[in-house]
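What follows is calculated from the coordinates using simple rules that are stated; it is not laboratory data. Just so we're clear, the structure is a prediction, and the values are computed from it rather than from any experiment. In this analysis, Cβ positions are derived from the backbone assuming ideal geometry, glycine residues included, and neighbour counts consider all displayed protein chains.
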Amino acid sequence: MSKISAAITAVGAYVPEYVLTNQILETMVDTNDEWITSRTGIKERRILKEEGKGTSYLAIKAAQNLIDKKGLDPKNIDLVIVATATPDMKAASTAAFTASNIGAVNAFTFDLDAACSSFLFGMSVAAKYIESGSYKNVLLVGADKMSSLINYKDRTTCIIFGDGAGAVLFQPNEEGLGLQDEYLRSDGSGREFLQATYGGSSFPITPEVLEKGGQYAFQEGQTVFKNAVFNMADSTVKILERNRLTNNDVDWLVAHQANKRIIDATARRIDLEDKKVMMNIHKYGNTTSATLPLLLHDYESQLQKGDNLIFAAFGGGFNWGAIYLKWAYNSLTN
Ligand code: COA
């Protein structure tokens, strides 16, 4: 029997309706469209405004979109992983609630948090369950309500992040398609530069913390930027070298959407043409765990069976890496 590899066989997505444009942000903080566009490439982002709705709402919508498109019976899903940095609550996983709401009654579930690399690391985990031969249908959802962590008076963070969700289905493949190789790394000494500190076990929320806005995300933008540029480019080069691929062999770069300048730098490092670089940061900003599956969703109709996709991400922790995956279907015939 040929080796089982883990292929993506369906994609779904959801973004909230409300559009927070650069022009609206100009009325909220001291910023302007020209600065945001030239420094980040972002023009607008989606925000989940409705009271009481959190990350599971986004995850359920994206998963349901995938189920409808694929015609999948949710009872056949074995595992649901929700990659997220903004779970609904601290205990009781967002994945369990998501699975129940989509009718995945035979699945086990868990959340996975590696900040902006959550979905990338989730791909690795999902693939292992398939490659083991024990599971046939693994649903990986990347979902984040980043607006729940953002101080809309802080211009250094509120211009960057948005809300959204994307989902992919991993299934066994015996044609050698799907996940080929991965290079994943973490460095905890980077956590001081990007974090949402308070509310965790080491840093309880107190009235004094709330007074200072300590419940919100904080980043030292330039340090994060430099580390993201170096590590995303470096892991992309490593995964190409390890698999003896040149830029001509790469059909698509699927890079985390945090800043257009970081994505451009990664593409330049491997001398990749712009048309092979998936880009939707202008529409959604940085949706953390949702950026990679949202890219797949937006470009799905252009993907061909056998295409070589290189995924790359960098995020808080620090966590980063690259994955090489061969696309498994032509969307029109799937
Ligand atoms: N509007 C206008 N001016 C702004 C601004 C905004 N929204 N935010 C910062 N500025 C100002 C700064 O105050 C600073 O002014 P000064 O020179 O008078 O002191 C100037 O712009 C440059 O600030 P700097 O922080 O050096 O900007 P930058 O070019 O590094 O861009 C980020 C800031 C946040 C866009 C950029 O650092 C970044 O993208 N970092 C990585 C973010 C990221 O990837 N985060 C998620 C992890 S995956």
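Worth pointing out:
- Across every direction, the projection of the convex hull enclosing the Cα atoms of the stretch 121-213 has a mean area of 8.9 nm².
- Kirkwood Rh and Cα Rg combined as Rg/Rh, the stretch 5-178: 1.03
- Using a Gaussian network model of the chain in which every pair of alpha carbons under 10 angstrom is joined by a spring, one finds that among SER147, SER202, SER132 the greatest mean-square fluctuation is at SER202.
- Spin-label pair ALA91/ASN106, simplified geometry with 7 Å Cα→Cβ offset, distance in nm: 3.2 nm
- Annotation for SER331 and ARG155: the two label points, set 7 Å from Cα along the Cα-Cβ direction, are 3.7 nm apart.
- FRET efficiency, LYS75 to ASP181 (Cβ-Cβ, R0 25 Å, nearest 0.05): 0.15
- The chain, Rg to Rh (Cα coordinates; Rh as Kirkwood inverse mean 1/r): 0.95
- Estimated FRET transfer efficiency (GLU17, GLU51; beta-carbon r; R0 22 Å; 0.05): 0.90
- Overall form of the stretch 8-71: oblate. Here a/c, set by the Cα gyration tensor axes a ≥ b ≥ c, is 1.5 or more, and a/b is not larger than b/c.
- Over 21 Å (Cα to Cα) - which of LYS49/LYS283; LYS153/LYS260; LYS49/LYS69; LYS145/LYS326; LYS90/LYS136 fall in this group: LYS153/LYS260; LYS49/LYS69; LYS145/LYS326; LYS90/LYS136
- The stretch 197-276 and the stretch 49-109 have Cα centres lying 25 Å from one another.
- Across the stretch 233-334, Cα-Cα pairs farther apart than 16 Å form 54% of the total.
- Per-residue ellipticity at 222 nm, computed for the chain from helices alone with -39500 (n - 2.57) per DSSP H run of at least four residues, works out to -9000 deg cm²/dmol.
- Cut-off 19 Å (backbone N to label point 7 Å along Cα→Cβ of LEU210), residues of the stretch 79-112: 89-91
- In nm, spacing of pseudo-spin labels at SER201 and THR223 (7 Å Cα→C-beta vector): 2.5 nm
- Given 16 as the ceiling on other Cβ atoms within 10 Å, longest exposed-site-free region of the chain for GluC sites (Glu not before Pro) in DSSP loops: 52-173
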